[in-house]
Structures are given as C-alpha cells and as structure tokens.
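J.: First the structure, then my questions, so here it is.
The values are calculated or read from the model by the stated rules, or taken from the named source; none is laboratory data. All of these numbers come straight from a predicted model, not from anything done at the bench. A quick note on method: Cβ atoms are made from the backbone with ideal geometry, for glycine too, and the neighbour counts reach across all protein chains shown. The area values use the complete protein model at the heavy-atom level, side chains included, leaving out ligands, DNA and RNA. Shrake-Rupley method; radii C 1.70, N 1.55, O 1.52, S 1.80 Å.
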Amino acid sequence: MISRWLFAAAPLGRVAALRTAAYLFIVFDLLVYSSWVRTRGDVPADLYEPLAFARFLHLPAPTGVAVDLIWWSLLLLAPLAATGRFPRTLGWSVFTFYFAWMVVAMSYGKVDHDRFAFLVALAVLPTVGAARHGDHRPSQAAGWSLRMIQIAVVCTYFFSAYAKIRFGGWGWLTGSVLARAFLRRGSELADLIAAAPYALIAAQIGIVVFEALSPLVFLTRGRLRYAVIGFFYSFHLLSFATISISFAPHLVAMGAFLPLERVRPIVWARRLAGRRRAPGPDRPDGDGGHDRGPGGGPARRAGPTRRLCGIGHIRWHRLAPTRDNDRMSDASAPSGTFVYDGDCAFCTMCVRFIERRVPNDATVVPWQWTDLAALGLTRDQAVTAVQWVPADKSRSAAGPAAIAALLRTSNPLWRAAGAVLGLRPVTALAWPVYRWIADNRHRLPGGTAACAVPPAAAPTPTH
C-alpha cells in the first residue's frame, strides 16, 4: 500500500513544468533573492561554521574564487537545464552546484528551512528523464519524484512546528515572537493586526496548529486539495505582506501539488506569435500592401488599446455611431461597486489602504452616499458587512466574499489573493475572522465608538 502511494503515476508534463520553474527560479535567486551569498568569499575564515555535510567532507572556508565559480556555473547551467535538454546530466549538475551554493550560504550561523523542499526537488527531478510540457502520459518515475517533493514540503511545515515546541517550549504559543518580528520589520498591515487585542497570540497558536496538521493534505483529493494548497500559499502571502518573509524556494517546490501539466509555454508562445503575424488593421498583408476593407476600401484604423477590468487589453475601433459602439462604451464602466460603512473611521482607513495599494476599476463608496435600492441592497446588509455588487448586478457578495471580488479586479498579485480568498473553504474560514474584526473595529486603530456594529446585527455569509 505504501509503495502504491509512493509510486502513484503522475503526468510527465507536471515534471517538465516544475523543472522549468525551478531552474528559472535559480537565475532569479542568484541575481536577486540570494545575491548576498557572493559576499561570503570575502568573510574572514574564522567566522566559518560549516554545516555537518561540510564538516564530514572537511570542506575549507570558501574563497572568493570558489564562490564566483559556483555562481557563474549556475548562471550558465540553470537556463540550459530549463530547456529540458539533457535532463539528467544538466539536472544533477545544477543540483550539485546549487547544493554547494547553499553550503556556502548557510555555514555562517543562519540556516533557512525554506530551501529544504527546493533542494529535494532539484535532487529528484532529474531521475525522471525526458519530459515535455503538456504531456499527460502517466509515469511512476514522475509520480515518485513529485511525491518526494510533496513529502519534503510537508516535513518543512511539520518539523517547523516541532522545532518551535522543542526549543521554545509551549510558551512559544503565548510569547512575543510575532510582536518582535512586527516591531523589527512590520508593514502597515502588520500594524493593523498588532493593534487588535490578542491577535498575535491567536496567530502564533494558529501557525503551530496549521504546521502540525499539514500532513493531512495527503488525505485530500481534487478541489479540496487545491483549496488546502491555496491556503498554504495564502499563509506565505500574508507572511510576506506583514513581515516581508517570502519563502520563495519553498513556494516553487509546492508546485508539485498543482496540475502543472496544463502549462504549455511553447504552445502559448506560438499562438501569441501567430496572432501577431496574422493580417489585421494597420498591419501589412502577405502581398506587401495593407488590409482592405469591404469593397476594397481602406481598412478602419484601430483606436487606442485600453485596459478591460484590469485583466487584459482590447483594441477599440473608431466607428460611426452603431449599436456596437454602445457595447464598447460599457468596457470603460466600473467592474462593480464596493460598499462600506463611511461612518466607521477604521473602515475608511482600510479603504484608503485599498486606494493606495490595490489598484482596481471598481467604484468604492460609503453606503451612506449611494442609492442602496438601486444596487439591490438593504440598509441592514450595508451596516453589518461590506458589500460587492457586480456591474451587471447578477450576484452580490458580502464580507470576505466581497473583499475577494474586489481583489479580483486588481493586478495579478491581488487577483491571486482574491482567487484564494474566494474559494469556499477559505471564505468559510474567513467569516469568523471577519465577524471578530467587525465586532471589535471600534477598538482597532482609527476606530471610534461610531464604528461599533449594532448588537442586533449579525452578518450572514453569502458567496
């Protein structure tokens, strides 16, 4: 039974996509994320505290030449490995040099556990051999390598909880770990959270519980598993938003849980190139002239490119007044209306944060200044929770679901956060948090007695 689980077949395309992501991340890692490692060659040798592996091999303190050799080798080999050519030779070469890079990085008193699953990925992905993007053929070799990465991801969480209790004791749960982190490197969002009574204690307990229960992800299937992995990603998104800790290598390795066989970059690039080469307005045709309009006349000139709901681009044509023009004019209309309580200073402060940091094309308005009936809302709904009404007024949302809908109108980063928050399991978990914040918003930064929700009001979850 264990063997069947460990060697359960998985699509080869998932391995191909994960390889490409991992090897391209190494380039980003060398140039941006861990570029500081190059300075280790200039650090005095007496500060060198080699890891157990380095001590076993009696590796000396790295020199500037050795560090540069590793850096340049990785910078050359990683992009080549990302092409999928010679997957074993290039793959294990990249693993060897990257492992040496990590030995250099972590032999001076600081060891980052976000690298563990990523190193396991680099070690096992070359075992699969040839694999192409979009290949849905099942392979036990692919299944085993992905399972090893998944286990490494879960072990990172589980043993992180174990280490907290082992070295910090049960007092870690009620200590000031997050408080110190927020003071040292906290963001505006961290300040909002820190001001809530007992929020940091609850967060520390929640972190340990989440990490300790992370192995349960293996008991889930299908959409439920994707929802759990979405929660994992949202946890790290919140960590980055509050204390700027990203766990980027770990997030790449976590792709082993995702259906990456659907990713086909070469096919997508060819389709995009084909669209760009296809004859169209203002583009020369195959005969060296320009496209002609009906009856051989000149083609209509394309108008300016404009954003459509923050997602893509459309090209408008300047036409004579027609029924189509009315539809085009709707493209610049807001994607929806976000309604909040304008009498609440805390709510207003959160809206100002959205205006500064969450670009969107929605109408954000206090309920006191809008026609609720026209939006299909009641006063009780507006008082008890924020509301989202789409432009077509097809289906409104409240509370966390409304926030998720607003985020989905923003840039790709916030859209991803909105997509995760919009998952039904995540929204269900977010409602108690939202209710607690709503009930205590008069105690939060900027809050006043006017912010208090009427006792009789209780928000009803809608999706």
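J.: For the stretch 406-419, what are the residues that are open to solvent by less than 10 Å² (accessible area, probe 1.4 Å) and in contact (Cβ under 8 Å) with a residue 24 or more places away in the chain?
T.: 406, 410
J.: Condition first: assigned to a loop (DSSP other than H, G, I, E, B), modelled with pLDDT of 85 or more and open to solvent by less than 20 Å² (accessible area, probe 1.4 Å). Now tell me which residues in the stretch 333-361 satisfy that.
T.: Those that are assigned to a loop (DSSP other than H, G, I, E, B), modelled with pLDDT of 85 or more and open to solvent by less than 20 Å² (accessible area, probe 1.4 Å): 341, 358.
J.: If you don't mind, there's one more thing I want to ask. Residues in the stretch 226-249 that are open to solvent by 30 Å² or more (accessible area, probe 1.4 Å), farther than 24 Å from residue 349 by Cβ and part of a helix (DSSP H, G or I): how many?
T.: Matching residues across the stretch 226-249 total 5.
J.: Those residues that are of a type in the set (Gly, Ala, Ser) and in contact (Cβ under 8 Å) with a residue 60 or more places away in the chain, I need them from the stretch 154-176; list them, please.
T.: Passing the criteria: none in range.
J.: Count, please, the residues in the stretch 187-209 that happen to be buried (at least 17 other Cβ atoms within 10 Å of the Cβ) and in contact (Cβ under 8 Å) with a residue 60 or more places away in the chain.
T.: 2
J.: Just checking, how many residues over the stretch 106-149 are surrounded by fewer than 16 Cβ atoms within 10 Å (Cβ to Cβ) and either in contact with a Pro (Cβ under 8 Å, 6 or more places away or on another chain) or of a type in the set (Gly, Ala, Ser) (or both)?
T.: So the count comes out to 6.
J.: Further, regarding this structure: Within the set of pairs 6 or more residues apart or between chains, which connect a residue that is more than 13 Å from residue 104 (Cα to Cα) inside the stretch 56-84 to a residue that is open to solvent by 80 Å² or more (accessible area, probe 1.4 Å) and part of a helix (DSSP H, G or I) with Cβ atoms less than 7 Å apart?
T.: 82/24
J.: If we keep just the residues of the stretch 96-105 that are open to solvent by less than 20 Å² (accessible area, probe 1.4 Å) and not aromatic (Phe, Trp, Tyr), which is nearest to residue 141 (Cα to Cα)?
T.: By that ranking, first place goes to 102.
J.: Return yes when residue 191 is out of contact with any Leu (no Cβ under 6 Å at 6 or more places or on another chain) and acidic (Asp, Glu) and no when it is not.
T.: Values: out of contact with any Leu (no Cβ under 6 Å at 6 or more places or on another chain): yes; acidic (Asp, Glu): yes.
In short, yes.
J.: Could you name every one of the helices (runs of 4 or more DSSP H) located completely within the stretch 1-95 that has at least 1 residues being farther than 30 Å from residue 143 by Cα and small (Gly, Ala, Ser)?
T.: The qualifying helices (runs of 4 or more DSSP H) are 52-56, 64-82.
For every residue, the table says whether it meets (1) surrounded by 15 or more Cβ atoms within 10 Å (Cβ to Cβ); (2) out of contact with any Lys or Arg (no Cβ under 7 Å at 6 or more places or on another chain).
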residue	(1), (2)
22	yes, yes
26	yes, yes
35	no, yes
47	no, yes
71	yes, no
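J.: Being open to solvent by 40 Å² or more (accessible area, probe 1.4 Å), more than 24 Å from residue 247 (Cα to Cα) and at pLDDT 90 or above is the requirement here; does residue 88 meet it?
T.: Yes, satisfied.
J.: Do you know which residues across the stretch 252-266 are of a type in the set (Val, Ile, Thr) and assigned to a helix (DSSP H, G or I)?
T.: Across the stretch 252-266, the qualifying residues are 252, 266.
J.: Another one. Looking only at the stretch 1-27, count every residue that is hydrophobic (A, V, I, L, M, F, W, C) and free of Cβ contacts under 8 Å to residues at least 12 places away in the same chain and tell me the total.
T.: The qualifying residues number 2.
J.: Which condition does residue 403 not pass, out of (1) open to solvent by 40 Å² or more (accessible area, probe 1.4 Å); (2) modelled with pLDDT under 90; (3) under 30 Å from residue 251 (Cβ atoms), if it passes all the others?
T.: For residue 403, the failing item is (2).
J.: So for the stretch 53-64 (the condition being among the hydrophobic types (A, V, I, L, M, F, W, C), surrounded by 14 or more Cβ atoms within 10 Å (Cβ to Cβ) and within 15 Å of residue 123 (Cα to Cα)), does at least one residue qualify?
T.: There is no residue in the stretch 53-64 that is among the hydrophobic types (A, V, I, L, M, F, W, C), surrounded by 14 or more Cβ atoms within 10 Å (Cβ to Cβ) and within 15 Å of residue 123 (Cα to Cα).
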